[in-house]
Each structure stands twice: as structure tokens, then as C-alpha cells.
Amino acid sequence: MSLKDILDVSTDNSLSGQKWHMLRQSIVKRLLSYGNATIAELGSELQSSVPTVTKAVNELLLEGYVVDMGKITNSGGRRPSLYSINPTCAYFLGIEVGRSNMSIGLQNIKNEFVSIELGTSFVLENTQESLLELCSLINSFIEDSSVNKKMIVGACINLSGRINSMEGFSYNFFFSENQPLSEIISEQLGIPVRLENDTRAMAFGEYREGIVDEEQDVIYVNYGWGVAIGIITNGQLYYGKSGYSGEFGHSNIFDNGLLCQCGKIGCLETEISGWALVNQFKEAIAAGRHSQVVLDEDSNDLQHHAIIMGALNLEDSLCVDLISKQSEKMGRYLSMILNIFNPELLVVGGDFSLLGGYVLLPIQSALKKYSLGLVNRDVKLKKSNLGHRAGVIGACCVVKERMLSTLINN
Ligand SMILES: [Zn+2]
């Protein structure tokens, strides 16, 4: 039993065989796209008789594509059964690769995690060894889960930086001219792989499973070690021509002469980001300011976490002060994004969002001050509610959307 089999073309070439396959396929697509249904609803929507749909549903029940959810409650008469796609008929793997750790999760078709591991130690280096270790960690995770690899329809791997998702190339990590990275990893894992920019996947995760309600025009800000935005317009991720949209952190903003990690001077990240926060903290200490937080220079973990935790848990005045100043600046430059996109919702995610009001209030106040009144009136500001799981959830949502839309629309 594999979802791909039923959504693929029929192997039976007879006319009746083809028609029967199409009906079964239509039932599965209907349940996948619009949720549970009764036999009567399926018959009416698919313009097929009740006995024919009943026979097809019974077959799908026996084969494990569909499950009986029990009788529905209605006002009277005979209560019909409600049918659903079987949550275990397909699985999706989501992987978030950070600089010093990785997170990985396996979801069934109903977006329920059957296995998840957050923050596994992994140092991202631009080497063949690092790539092979990543693949080996993913393969071990799959082996340790109770799911047969054949049932995993696809995997999505989030990486930071420039990712061309359509062609499967990553330009910041593991770049190879000869073969797309998605293909290289797919060969190692034995399942189809899609690459996605980390911020874009997180934005999509918020849209599908997180704080986004009914809004269709959403800007998601990943405020962490680096800074980027994910753009959702009309309910769709916006990629740009080659998939490099959203590099807000590398906009030339400051005339400060500071070198950015991208090699340019004066990017937004040089003053507003996790790595800028670490530099600002060290400069303040060198200038004689006091803090309860001591940065561990030997730690593999990113040092901005220590400063964020210092503000959150200790209310350390230097940490709070630096973060408030950054967030006020962040609000100021996000006002440009509001003026350009006029979104319904602005979601703040990434490590800084853990701080709630310390970050959101200065952003809100600066947005009010610097964006156009009419534009500002349209937008709600919210904090991500997916926390550290945002990347993995986003990756699962992206791969599910892509794989199913390919199968359903073929
Ligand atoms: Zn830059």
C-alpha cells in the first residue's frame, strides 16, 4: 500500500479498469484535499451512485487507504459513517539544519508527529564529511522510527542562505556544480528530497500549523542568528525568480563600515541580528558595563542564546537594554516591509521571539512611528507560537504540500 500507487496512472488498461481506478483516485483526492466525508457526500460530489461509491470505499478500507471514523451525529434517522484518509498511508520527513545542531521530525498525513528529535548535535561545515554525517543522522532517525522508509513520500531539508528549491541547489552550503544537492541527499536517503530556505519553511509552518489564522497575506520575520523574511501572498509562498526572495537581513541599511557575514558592508544584520547582539554585548562589557551573563567562548552553541536567556530568565539589564534597542531598530526597518507589502499579519519568529514583549513592544511602537498610518492600521503583529519546532513543522508542511499537489494535480 502506497499513496503514490493510487494517485499514479492505472496499470489496468481496460476502459472499466481505468474508470474504476479514477473513481478510487477521486475519493482519495477528495478526502486528502477537503477532509472527511460520508458516502452520500462523496456520491454527490463525485457524481457517482451510492452503491458504486460504497463498493469503492469498502475496497479502500480493506487496502488501508481509508478509515471509518464512526457514525456521525445528526438529528434523526439512520446515522451515516464518516470516512477519512488513513493517517498512516503516507509520511513526510522534515529536517531543520542549524549551525550547531539539527532537528528532525516525521509526520503522518494528518500532520501528526510520529517521531521528533530537536537539537541533535551536528556542526554544519561546508565539507563532504559534514554532508555525509547529516545523511547518516537522518538515516539513523528513520531506522529508529517505527515507519517503513517506503511509506515516506518525501523529505524537506531546511538550510540557511540562498536555496534554489526548484532546481535543488544550495549556494551557501554543500554546493556542487555537477549535481543538485537535493539529488545527492536523495541518493543517500533513498527518498525524494526537496531543499528549502529555512525562513521560508518556518513561514509556511506558521501559515499551515501555527499562529496564522485566516490571513492570506503574511510576512514572517526570522529574527535569530541572522535575519530574513518569508513572504506569503494569497496563501502561497513567494519565491522570486530563483528562490532568493526574503533576504531582508542583507539589505544595505547602515553607513557603519561594519563587515557582514555575506561579505558586504553595512547590511541590516550588522546591527540587528543574533551575531550583532554578541558583538554589541562584548563591546559593552569592554566599555565597562556590567552583566550577570558570561559568554562561553568555547561553546559550540550560538552565544546570542546566552544573552537572550539572560534577558528572559535573569532580566539582566544590559541584555534587556541591547535587545530593546535592536528591536526598536528592527521595527523601524520592518515598517519599510509593511509599506511595500501591506500585509494582514506580521509574525515575529526565530530565537528573539522567545522574549515576547521585550521584542514585540519596541517593534510595535516603531512600526506605528515609521510606517504609513493606513498600512499600519491593516496589520496585526503576533509572535510565532511554534517555538523551536517551527523549522521541522515548516519542512513537513512544505514537502507535504509539494508532493501532494504534484500527485493530486497529475
Ligand atoms: Zn549581509
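Just so you know, all these numbers are worked out from the coordinates, no wet-lab data involved. On a predicted model such as this, the values are computed, not experimentally measured, just so you know. Please note: Cβ atoms are built from the backbone with ideal geometry, for glycine as well, and neighbour counts cover all protein chains shown.
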DSSP beta bridges in the chain: the antiparallel percent, rounded to 5, is 60
Applied in sequence order to region 314-326, the curve 6.51 cos²θ - 1.76 cosθ + 1.60 (Karplus, θ = phi - 60°) yields integer Hz couplings, x standing for Gly and Pro, of 9, 6, 4, 5, 5, 4, 4, 4, 5, 5, 5, 5, 4
Where Lys and Arg each count +1 and Asp and Glu each count -1, what net charge lies around Cys156 among other residues with Cβ under 9 Å from its Cβ? +2
Cα-based Rg / Dmax (Å) for region 62-218: 18.8, 67
What number, in percent, do you get for the relative contact order of region 213-385 if the mean sequence gap of Cα pairs under 8 Å and at least 6 apart is divided by its residue count? 23
Which net charge results when you count Lys and Arg as +1 and Asp and Glu as -1 among the other residues whose beta-carbon is under 14 Å from that of Ser176? -4
Taking H placed 1.01 Å from N in the peptide plane, check which residues at least 5 places from Tyr83 or on another chain put their amide H under 5 Å from its amide H. Ala37, Thr38, Met69
Average Cα contact separation per residue, the chain, under 8 Å, 6 or more apart, as relative contact order %: 15
Counting only pairs 8 or more residues apart or on different chains, how many lysine pairs in region 18-176 have their Cα atoms under 30 Å apart? 16
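Give me the compactness ratio for region 1-108, meaning the Cα radius of gyration over 2.2 N^0.38 Å.
Normalised by 2.2 N^0.38 Å, the Cα Rg of region 1-108 equals 1.32.
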Can you compute 3J(HN,Hα) from phi for each residue in region 139-147, using the Karplus curve 6.51 cos²θ - 1.76 cosθ + 1.60 with θ = phi - 60°, rounded to whole Hz and x for Gly and Pro? 4, 5, 4, 5, 4, 6, 7, 8, 9
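In whole percent, what relative contact order does region 3-88 give with Cα contacts below 8 Å and a gap of six or more residues?
Across region 3-88, relative contact order equals 27 percent.
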Residue-by-residue Karplus 3J(HN,Hα) for region 333-347, coefficients 6.51, -1.76, 1.60, Hz, glycine and proline x: 7, 5, 4, 5, 5, 4, 4, 7, 9, 6, x, 7, 9, 10, 10
